[in-house]
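Presented below is the structure to which this report refers.
The values are calculated or read from the model by the stated rules, or taken from the named source; none is laboratory data. Bear in mind that the values here come from a model prediction, so they are computed numbers and not experimental data. Don't worry about glycine lacking a Cβ; one is built from the backbone with ideal geometry, like all the others, and counts go over all protein chains shown. Surface accessibility is based on the protein's heavy atoms, side chains included, excluding ligands, DNA and RNA. Shrake-Rupley method; radii C 1.70, N 1.55, O 1.52, S 1.80 Å.
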Amino acid sequence: MHINRRVSAVAISAGVVVAGMNVAGAEDGAGFFDGKTITYIVATSPGGVYDTNGRLVAQYMQKHLPGSTFVVQNMPGAGHLIGTNYIYASEPDGLTFGTFNTGLIYGQLSGDPNIKFDLTKMSWIGKVASDPRVIIVTKESGIESFEQLRSLDQPIKFATAGKGSASMIEATLFVKALKLPIQVVSGYNGNEDQLAMMRGEVQGVIGSRSEFQQFVEEGKGRFVAQIGGSDTDVPQLSSMIDGDTARQVVALIESQSGISRLTAGPADMPVDRLKALRDAYVAATSDPEFIEKARTLGLPVDPLVGNDVGALVEKALDQKPDVIEALKEALSEG
């Protein structure tokens with residue numbers, strides 16, 4: 001009996017261990033998110049392409065992560081810096097991540113002291129699009145080509161978001177490196193730049209092509225140059241400039257056209273949870289309903305997942321000293 005009791009005790013103990021392993025297994029990977037609320041940060045104001053894209057991604061990641069509930073939280077300010085700092089400082093438990101502007105690459109390159117993150121260490125979930133940058137002017141400006149813009153005697157006003165935003169940095173870089181006659185005007189977030197152009201407050205902007213495609217198709221503006229992408233209907237800026245520094249600046253901006261609409265979380269997420277999020281991202285961005293909604297909204301879909309996105313970000317951060325110096329100079333005056 002003593003032996004039988006011992007065997008029974010061992011069996012019961014083993015059963016408890018196995019049961020515990022099963023519970024632990026259920027908490028791993030996708031199972032962890034069952035019944036959990038996930039906060040998806042959009043580092044800009046409601047409205048505009050970033051917000052629309054972020055909400056679409058969150059909606060379909062929730063669909064493909066059973067039992068999860070996604071809550072989208074807008075956290076605008078400082079050219080996406082506030083929201084991105086928040087994401088990076090969050091607990092790396094897989095329950096907080098989001099989307100932000102790749103213009104933060106510029107801030108990290110220049111050593112912006114307000115940056116509390118390292119893009120090379122973030123937990124990269126994916127990117128949904130490749131989206132070239134474009135120079136847009138209003139029809140009322142009378143400008144029909146990049147050459148005409150470059151040869152203006154008096155500067156025209158270009159709308160940008162806050163300090164540190166991609167639009168402000170790029171406009172300032174173009175003033176410095178390309179000698180464009182542009183007066184940079186900040187404070188236009190979301191789709192406020194389009195409204196400002198329609199009101200005649202500003203005459204141009206530098207932005208993502210997808211964000212301004214409808215604006216141009218409706219006859220309100222004109223693309224005069226494109227940076228990156230494979231479209232052939234708008235002249236590539238790289239073909240219309242001279243000088244090493246100018247070419248390097250354009251190449252830096254071009255490098256970001258392939259990593260648009262990012263989704264990332266804080267560093268050091270548990271491997272199994274990050275894999276589950278990446279799997280959900282793949283399923284979301286390949287879902288026929290997602291693709292159709294994106295098409296209807298005019299959002300490009302060219303997804304990439306995980307470490308492949310991180311590799312593109314690291315490549316964009318690998319710049320020559322001359323470019324970094326030009327960037328620092330532009331930011332100091334931005």
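At a glance:
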item	result
Per-region count, the range 212-237, residues open to solvent by 20 Å² or more (accessible area, probe 1.4 Å), touching a residue at least 24 places away in the same chain (Cβ under 8 Å) and part of a strand (DSSP E or B)	2
Per-region count, the range 242-258, residues part of a loop (DSSP other than H, G, I, E, B), modelled with pLDDT of 85 or more and of a type outside the set (Gly, Ala, Ser)	1
Qualifying residue in the range 94-116 (condition: at negative phi, among the basic types (Lys, Arg) and touching a residue at least 60 places away in the same chain (Cβ under 8 Å))	no
Positions within the range 31-56 being polar (S, T, N, Q), crowded, with 24+ Cβ neighbours inside 10 Å and in contact with a strand residue (DSSP E or B) (Cβ under 6 Å, 6 or more places away or on another chain), in sequence order	53
Cβ pairs under 6 Å, 6+ apart, first in the range 292-305 and assigned to a strand (DSSP E or B), second open to solvent by 60 Å² or more (accessible area, probe 1.4 Å)	305/282
Test: residue in the range 191-213 that is among the aromatic types (Phe, Trp, Tyr) and either under 18 Å from residue 238 (Cβ atoms) or under 18 Å from the mean Cα position of the chain (by Cα) (or both)	yes
Residues of the range 238-258 that turn out to be within 11 Å of residue 226 (Cα to Cα), open to solvent by less than 30 Å² (accessible area, probe 1.4 Å) and aliphatic (A, V, I, L, M), as a count	2
Meets criteria (more than 16 Å from the chain's Cα centre (by Cα), open to solvent by 20 Å² or more (accessible area, probe 1.4 Å) and within 26 Å of residue 227 (Cα to Cα)) for residue 112	yes
Count of residues meeting criterion [open to solvent by 30 Å² or more (accessible area, probe 1.4 Å) and either of a type in the set (A, V, I, L, M, F, W, C) or at pLDDT 90 or above (or both)] in the range 294-316	12
Looking only at the range 1-30, and only at residues there that are open to solvent by 40 Å² or more (accessible area, probe 1.4 Å) and modelled with pLDDT of 50 or more, the one that is nearest to residue 262 (Cα to Cα)	30
Cβ pairs under 9 Å, 6+ apart, first in the range 182-211 and without any contact (Cβ under 8 Å) to a residue 12 or more places away in the chain and open to solvent by less than 40 Å² (accessible area, probe 1.4 Å), second part of a loop (DSSP other than H, G, I, E, B) and of a type in the set (Gly, Ala, Ser)	none
All positions within the range 72-88 that are of a type in the set (S, T, N, Q), open to solvent by less than 50 Å² (accessible area, probe 1.4 Å), closer than 25 Å to residue 29 by Cα and outside any helix (DSSP H, G or I)	none
Test: residue in the range 53-71 that is touching an Asp or Glu at 6+ places or on another chain (Cβ under 6 Å), assigned to a strand (DSSP E or B) and modelled with pLDDT of 50 or more	no
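Let's see how each residue does on (1) open to solvent by less than 70 Å² (accessible area, probe 1.4 Å); (2) modelled with pLDDT of 95 or more:
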{"residue": "260", "(1), (2)": "yes, no"}
{"residue": "266", "(1), (2)": "yes, yes"}
{"residue": "269", "(1), (2)": "yes, yes"}
{"residue": "275", "(1), (2)": "no, yes"}
{"residue": "292", "(1), (2)": "no, yes"}
